[in-house]
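A quick write-up on the structure given underneath.
The values are calculated or read from the model by the stated rules, or taken from the named source; none is laboratory data. All values reported here derive from a predicted model rather than from experimental measurement. All Cβ positions, even for glycine, are placed from backbone atoms using ideal geometry, and neighbour counts span all protein chains on display. Ligands, DNA and RNA are excluded from the accessible area calculation, which covers all protein heavy atoms including side chains. Shrake-Rupley method; radii C 1.70, N 1.55, O 1.52, S 1.80 Å.
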Amino acid sequence: MKIKITLFAGFLFCTYAFGQQKDTIKTAEKLSEVVVTGQFEPQSIKKSVFNVRVISSKDIQNLAANNLADVLNQYLNITVRPSGTSGRSTVSLFGLDAQYFKILVDNIPLVNEAGLGNNTDLSQINLNDVERIEIVEGSMGVVYGANAVSGVLNIITKKSSQNKWNINAYIQEETVKDEYALFDEGRHIQSLRAAHTFNDNWFASIGATRNDFQGFLDDKNGKDYEINDQTRGYRWLPKDQLNGNALIAYNKGNFKIFYKFEYLDEDVDYYNATVQSGFNPVLGSYTYADDMRYMTNRYFHNLNASGKLFTKLNYNVSLSHQKQERNVENFKYYFQNKNEKENVTVKDQSMEVLYSTGTLSNFFTNKKYDLQIGYEFVNNQGYSLIQEGNNLFVPVRKTLENYDFFASSEIMATDRFSVRPGLRFSAQSRFKDQYASSLNLRYLFDRGIELRGSVGTSFRTPTFEELYSKLIFDGHFFTGNENLIPETSTSYEASFKKSTSLSSGLRISNTFAGSFLNVNDRIDMALIQFNPDTGNPEYQYINISKYQMWNFSTMNQFNIGNLNFNLGAAVVGISRKIENQVFSSDDKFLYSFNLNSSVSYQLPKWKTIFSAYYKYNGKTQQFIEGSSSYVLSDIDPSNWLDASIRQGFFKNQLEATIGARNICNVTNVTQTNTNQSAGHAGSSDLMLAYGRSYFIKLSYNLNL
């Protein structure tokens, strides 16, 4: 086993590092707040060697957030990227896309049709039964394995209640910019959740949420527009989602067990902008369009048990079976009678996963030392319909497996100083065996000063698309590559935090953090040859690029009485060496600045909560491929502001929230040098949002 011993030695003299800035949508930190992400067992934020940021259920309520995309728009260093052609919304952290950021539900990576834990569509993650969201930035490869390169997001769901019965129902109506009608336009959400505590040991809950997004027309003319001027359809695709979940939990003494089930059904409608004409001797002249519908289903099962072995060892074991499948229905839409004909449905992509992970800890009676050992098993069965030449579609089925073993120890050298080294070995069925390692340090000074630092290595395995995809038609040639190897990364992080409490009641928390990340063997689509017969370029995924990032951030929190105020800022530098085997890009660092802030105030007499959240995304730059070289492309800055008023009535049994999203009315931002033709540079619009929208949410809560 080849371990990079220099990784640990290098930490002693390297003061680069990352720390996590506190998120602006988190209220003032309480030392008693318990977190679980990356921990041996639940413990307070202050005791954690990781910087764990928490988005509470109250923050989610203030934002009237229905899915994860609604929340992360306000997150520092994160960009939510929507797609107008597929209806998906994915996350980019520190300039690295969703392949490097892992999303978990109760410590279990969440499947999607394109991956496990990564490439997740944020709009498909419902927040109906969420207790809180925990985020750790930086390399988490030892704890969470492959693809936890830039960080992890862990959704903690509700598993208990202080009341015998909890019944919550709400409806939410929201405009889509200036488009709204009760049934045909806007966003319409209905939700119902019931939870019951049977006795001191048993708890169960069940819930369902429907999210009906009628799409965004903007300058388009909708489904029934039959003039062929390319304005038919929607700027943002209509989407109808149904999320269901159920949980049953048992808790007695040190033994806990729960079973969690989640279900997603989603339909996304795509209306072709091209209107075609036909003639039939019976019908005469008619018009139609070739449309399609994306239909996604996801099943999520998770069985978790934790407790003690031999009255001493702490164990935690999870077994999960998940499947997400996307079917595509192609049909012709006839305008004269508004009917669908010639409907053909095919399975486009799917991923089915059998997953298990488990840990043992608390080996020593001396609380100054602890050791955790664990395993992870993944059986991943992927399916994709790929397009060969001559418009021929061929199904590809492949199985990927990995068997991981990891160990981590936590040493309390003193009451103030703790050290946590860790190592993971991953036996891969498809790739060379991989390793991840880490070293985390935490020191508590006097006067509320906390210092944290870490160094770690991680890896990202190629996706199913990168390995097996094919897209060959009309001079286009893009293929996967079964010879790809995993990307490897090294990160350094450090943070300094100062907490102050004044006699006036003012509490202040200041955090300063820095990080450095280096990614090798990065996978990119590159030009491999010009076809000698046709002269057309042919592209393939290969391990060819390099990526480096450094980040400096600060987060400052102020709390006095019913007033909370937060202000954060970050400067990010990114260097990306891209090659297409003909020419390469400059590897100089490109910089961007981000700012976010939030304020909330509760009126003492009426208990009315006023909230506002602001985020500034500074100008970013990136190199993109031109006709003869990589050229520098600028993406304009943008501002994002959300605000709401939340009021409870009848002892909070009825609650109303009114507010506005995207008050700055962001829609598209300009990206330069995207159209390279005849040596002339052009620009295009990058879709970020659909503009200012208003919402009202009415919630009924019955606690017995």
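Brief remarks on what is shown
- Scanning the range 2-17 for residues that are of a type in the set (D, E, K, R), at pLDDT below 50 and either surrounded by 15 or more Cβ atoms within 10 Å (Cβ to Cβ) or out of contact with any helix residue (DSSP H, G or I) (no Cβ under 7 Å at 6 or more places or on another chain) (or both) turns up at least one hit.
- Whichever residue in the range 90-144 is of a type in the set (A, V, I, L, M, F, W, C) and in contact with a Lys or Arg (Cβ under 6 Å, 6 or more places away or on another chain) and, among such residues, is modelled with the highest pLDDT: V142
- For the range 305-345, filtered to residues that are within 23 Å of the chain's Cα centre (by Cα) and more than 30 Å from R232 (Cα to Cα), the residue that is most open to solvent (accessible area, probe 1.4 Å) is L319.
- Among the residues of the range 604-625, the ones that are among the basic types (K, R), within 26 Å of I55 (Cβ to Cβ) and open to solvent by 50 Å² or more (accessible area, probe 1.4 Å) come to 1 in all.
- Looking at the range 450-560, the strands (runs of 3 or more DSSP E) lying wholly inside it that each contain 3 or more residues that are closer than 28 Å to Y614 by Cα and modelled with pLDDT under 95 sit at 487-501, 507-530, 537-560.
- The range 179-200 - residue that is surrounded by 14 or more Cβ atoms within 10 Å (Cβ to Cβ) and aliphatic (A, V, I, L, M) and, of those, farthest from Y250 (Cα to Cα): I189
- A count restricted to the range 225-254 and to residues that are under 20 Å from D184 (Cβ atoms), open to solvent by 70 Å² or more (accessible area, probe 1.4 Å) and modelled with pLDDT of 95 or more stands at 1.
- Residue in the range 638-653 that is of a type in the set (A, V, I, L, M), surrounded by fewer than 16 Cβ atoms within 10 Å (Cβ to Cβ) and over 30 Å from Q548 (Cα atoms) present: yes
- Lone unmet requirement of (1) open to solvent by less than 60 Å² (accessible area, probe 1.4 Å); (2) of a type in the set (S, T, N, Q); (3) modelled with pLDDT under 90 for N594: (3)
- Condition met for D200 (in a loop (DSSP other than H, G, I, E, B) and farther than 30 Å from D290 by Cβ): yes
- Note on the range 427-444: among residues that are in contact with a helix residue (DSSP H, G or I) (Cβ under 9 Å, 6 or more places away or on another chain) and among the polar types (S, T, N, Q), the one that is surrounded by the most Cβ atoms within 10 Å (Cβ to Cβ) is S438.
- Selection from the range 145-178 of residues that are hydroxyl-bearing (S, T, Y) and either open to solvent by 20 Å² or more (accessible area, probe 1.4 Å) or modelled with pLDDT of 95 or more (or both): S160, S161, Y170, T175
- Odd one out for E41 among (1) charged (D, E, K, R); (2) open to solvent by less than 10 Å² (accessible area, probe 1.4 Å); (3) part of a loop (DSSP other than H, G, I, E, B): (2)
- With respect to (1) in contact with a His (Cβ under 8 Å, 6 or more places away or on another chain); (2) farther than 22 Å from R298 by Cα; (3) surrounded by fewer than 17 Cβ atoms within 10 Å (Cβ to Cβ), the lone exception for F203 is condition (3).
Okay, residues lined up against (1) open to solvent by 60 Å² or more (accessible area, probe 1.4 Å); (2) without any contact (Cβ under 8 Å) to a residue 24 or more places away in the chain; (3) more than 25 Å from T175 (Cβ to Cβ); (4) of a type in the set (A, V, I, L, M, F, W, C):
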{"position": "S627", "(1), (2), (3), (4)": "yes, no, yes, no"}
{"position": "I658", "(1), (2), (3), (4)": "yes, no, no, yes"}
{"position": "Y690", "(1), (2), (3), (4)": "no, no, no, no"}
{"position": "Y694", "(1), (2), (3), (4)": "yes, no, no, no"}
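- Pairs with Cβ under 6 Å, 6+ apart, first in the range 225-237 and under 13 Å from S277 (Cα atoms), second open to solvent by less than 80 Å² (accessible area, probe 1.4 Å) and among the aromatic types (F, W, Y): E226/F335
- From the list G573, G568, G535, G561, the lone residue that is buried (at least 19 other Cβ atoms within 10 Å of the Cβ) and not hydroxyl-bearing (S, T, Y) is G568.
- A count restricted to the range 346-376 and to residues that are loosely packed, with under 15 Cβ neighbours inside 10 Å, in a strand (DSSP E or B) and out of contact with any Leu (no Cβ under 8 Å at 6 or more places or on another chain) stands at 2.
- Note on the range 174-186: among residues that are assigned to a strand (DSSP E or B) and free of Cβ contacts under 8 Å to residues at least 60 places away in the same chain, the one that is farthest from Y690 (Cα to Cα) is A181.
- Here T296, T287 are screened, and the one residue that is over 35 Å from the mean Cα position of the chain (by Cα), over 19 Å from I108 (Cβ atoms), part of a strand (DSSP E or B) and in contact (Cβ under 8 Å) with a residue 12 or more places away in the chain is T287.
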